[in-house]
Structure formats: C-alpha cells, structure tokens
1. Solvent-accessible area per residue for the chain at a 1.4 Å probe radius, Å²?
2. Hey, for a label at T495 modelled as a point 7 Å past Cα toward Cβ, could you say which residues of the stretch 115-151 have their backbone N under 17 Å away?
3. Rounded to whole Å and sorted largest first, list the principal axis extents of the Cα atoms in the stretch 338-425.
4. Measure nothing fancy, just the Cα-based angle from helix 69-97's long axis to the longest principal axis of the chain, in degrees from 0 to 90, nearest 10.
5. What are the ³J(HN,Hα) values, in whole Hz, obtained from phi via the Karplus relation 6.51 cos²θ - 1.76 cosθ + 1.60 with θ = phi - 60°, for each residue of the stretch 399-409 in sequence order, with x given for Gly and Pro?
6. Which percent of the Cα-Cα distances in the stretch 57-106 go past 18 Å?
7. Can you work out the Karplus-derived ³J(HN,Hα) for every residue in the stretch 351-361? Use 6.51 cos²θ - 1.76 cosθ + 1.60 with θ = phi - 60°, whole Hz, and x for glycine or proline.
8. Which percent of the accessible area of the chain is formed by carbon and sulfur heavy atoms (probe 1.4 angstrom)?
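The values are calculated or read from the model by the stated rules, or taken from the named source; none is laboratory data. Bear in mind that the values here come from a model prediction, so they are computed numbers and not experimental data. Ideal geometry is used to build each Cβ from the backbone, glycine not excepted, and the neighbour counts take in all protein chains shown. Note: areas computed on protein heavy atoms with side chains; ligands, DNA, RNA excluded. Shrake-Rupley method; radii C 1.70, N 1.55, O 1.52, S 1.80 Å.
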Amino acid sequence: MAFLDAWALTTEPATFAPNSKWSNKDMDVVPKYLRTWTTWDFVAYWLSDAANVATWNMASSMLAVGLSWRQVLPAIACGHLIIGIIITLNGTIGARLHTPFPVINRSSFGFYFSYFSVISRAILAMFWFGIQTTTGGECVYQMLKAIWPSIQHMPNHLPATSHITTSAMMCYFLYWLIQLPLLLIPVHKIRYLFIVKSFLVPACWISMFIWALAKTKGAGGTGVFNEPARLHGSAATWAWFAALNSALGNFATLAVNIPDFTRFARSEKAQYVQLAIIPIAFTFFAFIGITVTSCGYNLYGNVYLWDPLTLIDKWNNRAAAFFASFCFSLATVATNIGANSISCGNDLTALLPRYINIRRGQLICAVVGGWVLCPWEILASAVGFLTFMGGYTIVLGPISAIMIVDYYLIHKGHIDVPALYQPHGRYRYTNGVNMRAVTALVVSIPINLPGLISSINPKIDAHGGAFPYNIAYLLGFVLAGSVYYITSIVFPPTTTLLDELITGETHDGQLRTETNEKDWEASSEEKRDAAVTLHVADAHDDS
C-alpha cells in the first residue's frame, strides 16, 4: 500500500467528487482560464487529422470493389458530413459542460455501466496508437533513406517469425522515442502542434498534387480517372453504402469522445465549425490521394501505389523525399496524439483517478499500444483481428446515438454536473446501470454481428445477414437511438429529469463543491435543484 500511496495524485479542492477515488484534476470540470480553444484551433485540429495516410488511401478499398471515382467521392463527402454532424452534437455537450467523455457518458449509461464505453474506447485507442506508430516508423525510414541511402542495405538480424526487420525496428523505436515527449504536452496547449501541422502538411499534400499533375500533364487520362464503374444495379448500391459506412467509421471513435477536446472550447460556438471543416477537409484530401495515386499509375509502371510512403520511395529527389516523409511523420504523430493518446489518457484516468492522470494514461498507452501489443505482428499476421477492430464501429455508433438522444431529447440539456461525479448520485440509476442504454445496445449490436463475422472469416457465409453490415454504423445508430428514446419515454428516468442545467459554477467560473459524500446524499432534491446554475450564483451551503 505504501508503494501505491506514493503514486497517488493530489485531489484538487475544486472537485465535485467525494474523494480522490472518483476524480482528479484532469477529470474535473475545466476551469475557465484553461478554456482556450478557439474556432481556428478546431479548424487546425481537423486539418491536421484529415491530412494523414489513412485519408490518402481511403478510396483504395472503395475503388477495389468496383466503384468509380465519381461514386467514391460523394460517398466520402456524405460519410464525413454525417459524422461531422454527430461529432458536433457530441462536441457541443463537452463545450457546454466542460467535462470529459468518461464523465458525460455517466448521464446516459449510468455511473458504473459507463465503464463499458470507457474500457472499449481505451482498448481501441491503444490498438490504433500502435498501428499509427508503425506508420510513423515507415516515415522515419524514408527520412533516413533520403539522408543515408545505405540504410536499404542494412543487414537484418531478426528472424522471419518476428515479422519486422532490423532497420524497420530501429525506425519504429526512433519514431516512438520522438513521439514520447510530445505526449507530455497538456491538452489545452497541444493545439499549437495542430496549428503547425495544419500549415506544413496541407502544403506538402498540395505540392504533391501539383507535381503529379505537372508530370502527367493533367490527371484526366490516368489510371483511376480512366476506369468506369464495374458494378451496376443493386450491387452498386450496396457497394456505395459500404463505402459510406467506411467513411463514417473513419472517425467513429472521435464521434464518441470528442468532448475530451471540446471541453476546452472558449465558447460553445467555437466548435460549431467542425460541421463544415470535417466534410470539406476529408473530401479534399481524399481527392488529392486519388489524383496523385492515379498519376503514379502512369508514372511507375501501371501499378497503384495507394500508400504515399511507397510512392515517395520511388522518388530520386532525396530532398523532396525527406520533406514529404517528414510531413507525413508530423501528420501521423499529431493524429496519433489527437485521436488515440489523449483519448486513452482520459479513459484510463476515469478508471483509476487516484493514481492515473491524462499524462500517466498517455504514457501507459505508449508502452502498451507501442510495445506490449506488438503492432507489427498484428499487421503481418492478424488480418482477422484488424478487421474486427475496424468493425468495432457496430458498438461505437450506438454509444454515440445514446449519448445524443439522452442529452438533447430526454434531458434536454438539463444535466446536474456535480452529480456526474457522485457514485451514489442521481445518475446511479439501477445499481449504477441505466437499463435503457443496455436495452438499446442489446437491440442494435447483434443485427450487425453476422456481417462482421463474415468479414473476419469469409469462409462463413452470412447470407442476407451481410447486407445490414454494409450500413452497420447508421443502422446501429438509428436503432440504438430509437430504442433508447422509446424506453426513456415509456420508463422515464424521473430522478434525473431537471428543469435547468446545474453546472456548480459561479459567475466568475469558480466551482462550488460537495466534499462529503454523506452530506451530499442527504441533501434534499429541492436543495440540489437549487444549486448554482449557469449564469446563476446561489447560496447552496450544505458543505
């Protein structure tokens, strides 16, 4: 115990939780002086997230099934418009309440059942952190190759069963090491990294776009743009919906935990720009990926090089190769921190707030995701596991839907923020579980399982069950949202229905606290509802 006590965090006096077992500084409501993210910070954040390797080759699988580029681009645009709406709706909750996703989730899932969402998200974040770090290692390899071409001939001392070479492991370790100190930057300051990336990386992409057009004298007669659609009728329709679903799943994780970032918004309106910037940025950068790859088809032997790093590997201009690889490495590290590391840090903080804050959580993610999971092994030999993790959107869609319906339609934005930190408060529901959320998940997830199983193992014929999986995210979202709404109307959660938002804040942004759990539980509902609300300072003196 003495060892654990030495690692215990100091509880800030502003916390609404009864003790350090339930919260710490990073889980608490963001104080007013740390709400620094402006509209331009959210623009920079999404420009940086959009310009990554995954967006570059997003269209590859869509084109491979037989769709034309004219069908693929609208699917990408529509998918990101829909996910942009979902992200903005959930982001608004964080911007209003200034609390992280693990805390907000308690209002809809119940205090203890929210851990299901938190653990799911943490596991996903660690997994994708490792995968992104592998991509970063490939960027470092191209940078070193541009400086010292002899790295191509470095002898390999690792066995074939390790699924990685000596040079690749060296580059992976270097990238992981370079990335590590960036994880220590506080969330309210990490926006500066996104700002730098939002200038450098798009400039690199546009330069590659112009280079490709100049080398081929226009992309009109090249690879992708010459290929007509190979699918027609119902087959083309289902393939298009599958492409739409793929675009939706691209940031299904952030649609759930975007409050981890929007809680730092200077105002609620600052994050509304996500509604526009997400579909515009992702569609634009996906089009660049399609165009450059199409031009590369003509330039490099009629082969589609969907991985931009493979394309860079073909270049003879070492300076250009270094700069482009550096930009892609910057793109990868910013995406990895923004989409995976910080999110995992928040999730692990919620699981053990007495010992883990965001910084410690990020370091745990870096070690587990970067080394324990051995991502290079997964990429080389666990294709089915990769498919399963990618298909986990069948769970993320329903979680997003439940959060949105609960906040906007059931509680109408009237949340008791201090109670979100109380294990025996009004959001305890039934032993910490909101059965309405359980019912919504039970109804919405199984319908997509046959298609997911078939995608993991094509030998298993799902028959008609494969078709729902083509629209898995939307189907799960609509089903979960509808079931949650109906069950909440038929069986209303009366103890959680309020007439106004209770933030626990005074006029100057200070927090009123309840530090004694027993006193808090003994407070009458009338006193609780008379707590300090947004814009209203009250004399709530139970403490």
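1. Computed with neighbouring chains in place, this is 40 Å² per residue.
2. none
3. Principal extents (largest minus smallest coordinate, Cα): 48, 32, 24 Å.
4. The answer is roughly 20 degrees.
5. Values per residue, Gly and Pro as x: 4, 4, 4, 4, 4, 5, 4, 4, 6, 8, 9 Hz.
6. For the stretch 57-106, the share of Cα pairs beyond 18 Å comes to 50 percent.
7. 6, 9, x, 5, 10, 10, 10, 4, 4, 5, x
8. Here it works out to 66 percent.
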